[in-house]
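What follows is calculated from the coordinates using simple rules that are stated; it is not laboratory data. Source: prediction; values computed, not measured. When we count neighbours, we look across all protein chains shown, and the Cβ atoms used for this are built from the backbone with ideal geometry, even at glycine.
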Amino acid sequence: MNRHIRNTGGNKMDSNQKKATIIGAGLVGSLWAVYLSKAGYTVTIFERRSDIRKADIAAGKSINLALSVRGWKALDDIGVGDSVREIAIPMHGRVMHADSGELTYQPYGEEGQAIYSVSRGHINARMMDIAENKGNAQIHYYHECHKVDFDNSIAFIRNTQTNEEFEVKSDLIFAADGAFSAIRYNSMQKLPRFNFSQRFIEDGYREVLLPAGPNGEYLMDKNALHIWPRGRFMMIALANEDGSFTCTLFMPHENHKYSFDKLKSKEDVDQFFKDVFPDFYEMMPTVGESWEDHPLASLAIIRCFPWTHGKVALMGDSAHATVPFYGQGMNSGFEDCTVLNDLMHKHNEDWDAVFKEYNATRKQDGDALQDLSLDNYHEMRDYVADEQFLLRKKIEAKYTKLYPKKWLPLYSQVTFSTIPYSVAYKQGKIQDGIMERVMQFPNIEENWNSDEVMERIAEESKSFNFEL
């Protein structure tokens, strides 16, 4: 088959024009296109899938995403945040659903702080609009990149509809093609001394769409993230714009009385929900009929290094895919754009220097987020309904209010700040040890609000130099 080389840049064939190729028109690739365009690059995006905007984007097709400070910063820095706010629903806290049906509300941070629920399909479509309209990017659908030439910055592209193959020459290539990145698999992993690991956790997930009420109303508080913690099982729900909720059930694939492989019929599903999530079953007695509407999916953590080679860089999930339990997958990918943009300006577009520092600093943050995400799964699943855990959170909240420059809970460091993930992770471990000792204070349940407890935290924290 004959191949030919294309220069990216549409009708702009000026040889002096800076050109960049992005593989993947998802969230990160679309946002990064705008940053590159603002820096004077002509950007071309190749996307393996069809144009999601031409499909009927129904709620509940994928785990809803939660935008927080890092993501908003990346969007606002380039002037596109308000466009995304139009489709985002604020969640000011989480509502815990007990076995008994009792509801417990836990605010996420200080008054006014919130994370924002967005449908993956809707935000992906919106980001594609932004890439084209704000980034002047050309997006080519049904085009897959099967390998790259690192040194000459050539992407080898195939049109999946016509089978035409061609080579695209540009100055830089950015792989934003997801957790199972073709560039990483077909090219990066062929490099000598390239490190790669892929870990599937023992739990999978399946989505269930809780419809709106008979008059289109929300059946639960739309401005909260809902959690049903049940030890080995957990379900979460985030609101959609149409009154429905995208509910996601996490539980073992196998080796349990109620594991995914045991739920083989509508009756099995109904019995499971009656036993484990009875209050949810009351809201949705048709859950068994809807069980097969969405596929069973697996959850993986993917680590690799280095993230760059030659003129090529990995971004987002292609570099640091994680499990969704801190709600930071999208936020961390968007933050990659912030980091790369800062480095691009710091090094005056000396991309060797940019990529060197990107590898040196960002990799440790990617690893830390993956550790944070796994830790938070166990917290959400096992501890959020525990009385000692809730008391501990109250003590932390009071101390933070008294000494905001000396203490910020780990969740707030990750979600409501831009403290590097690696720093937040280390600080969180230190704080965890301090709070373990504080919780041993005599009669802590009665005395938690006392000056003595606050002084004890201050004493325990003397050698802790908190970094905001």
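Count the DSSP beta bridges whose two residues both fall in the chain, then state the antiparallel fraction as a percent rounded to the nearest 5.
Values: 51 of 75 bridges.
Among the beta bridges of the chain, antiparallel pairing accounts for roughly 70 percent.
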How large is ³J(HN,Hα), in whole Hz, for each residue of the range 353-369 in order, when computed from phi with the Karplus curve 6.51 cos²θ - 1.76 cosθ + 1.60 and θ = phi - 60°, using x for Gly and Pro?
5, 4, 5, 4, 6, 4, 4, 5, 9, 6, 4, 5, 6, x, 4, 5, 4
So how many Å³ per residue does the convex hull of the Cα atoms of the chain work out to?
168 Å³
In degrees, nearest ten, helix 451-460 long axis to first principal axis of the chain (Cα):
40 degrees
FRET efficiency, 1/(1 + (r/R0)^6) with R0 35 Å, evaluated for Gln113 and Thr160 via beta carbons
0.20
In nm, the gap between the two label points placed 7 Å beyond Cα toward Cβ at Asp451 and Glu349 is 6.2 nm
Cα centroid separation, the range 63-100 to the range 192-242 (Å)
14 Å
Cα axis of helix 266-276 to longest principal axis of the chain: angle in degrees, 0 to 90, nearest 10?
50 degrees
At most 16 other C-beta atoms within 10 Å and a DSSP loop state: those are the exposed GluC sites (Glu not before Pro) I care about. Give me the longest piece of the chain that has none.
350-466
With only Lys, Arg, Asp and Glu charged, each at its Cβ (+1 for the first two, -1 for the last two), find how big the charge dipole of the chain is about the Cα centre; round to the nearest 20 debye.
1560 debye
Acute angle (nearest 10 degrees) that the helix 421-438 long axis makes with the longest principal axis of the chain, alpha-carbon atoms
10 degrees
Provide the FRET efficiency to the nearest 0.05 for the Gln440-Glu202 pair, computing r from the beta carbons and using R0 = 30 Å.
0.40
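Calculate for the chain the 222 nm mean residue ellipticity that helices alone would give, adding -39,500 (n - 2.57) per DSSP H run of length 4 or more and normalising by residue count, nearest 500 deg cm²/dmol.
On the way: 16 runs with 170 residues, N = 468.
Result for the chain, helices only: -11000 deg cm²/dmol.
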About the Cα centre, and with charges only on the beta carbon of Lys, Arg (+1) and Asp, Glu (-1), how big is the dipole of the range 386-460? Nearest 20 debye, please.
460 debye
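Which FRET efficiency, nearest 0.05, do Lys266 and Asp342 yield, Cβ-Cβ r, R0 41 Å?
Numbers: r = 53 Å, r/R0 = 1.28.
That gives a FRET efficiency of 0.20.
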The answer for Ile22, listing residues at least 5 apart or on another chain whose modeled amide H is closer than 5 Å to its amide H, is Thr44, Ile45, Phe46, Phe174
Between Phe464 and Asp77, what is the label-to-label distance in nm when each label sits 7 Å out along the Cα-to-Cβ direction?
2.9 nm
Step through the residues of the range 109-117 one at a time and calculate ³J(HN,Hα) from phi using the Karplus curve (6.51 cos²θ - 1.76 cosθ + 1.60, θ = phi - 60°), rounding each to whole Hz and writing x for Gly and Pro.
x, 6, 4, x, 7, 8, 9, 10, 7
For the range 386-460, whose charge dipole is built from +1 on Lys and Arg Cβ atoms and -1 on Asp and Glu Cβ atoms, the candidate among Ile419, Val438, Tyr403 with its Cα farthest towards the positive end is Ile419
Between Arg53 and Asp99, what is the label-point separation in nm under the 7 Å Cα-to-beta-carbon projection?
5.0 nm
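To the nearest 20 debye, what is the magnitude of the charge dipole of the range 263-320 about its Cα centre, counting +1 on the Cβ of each Lys and Arg and -1 on the Cβ of each Asp and Glu? Please report the intermediate quantities before stating the final value.
Numbers: 5 positive and 10 negative charges, 135 e Å.
The calculation lands at about 640 debye.
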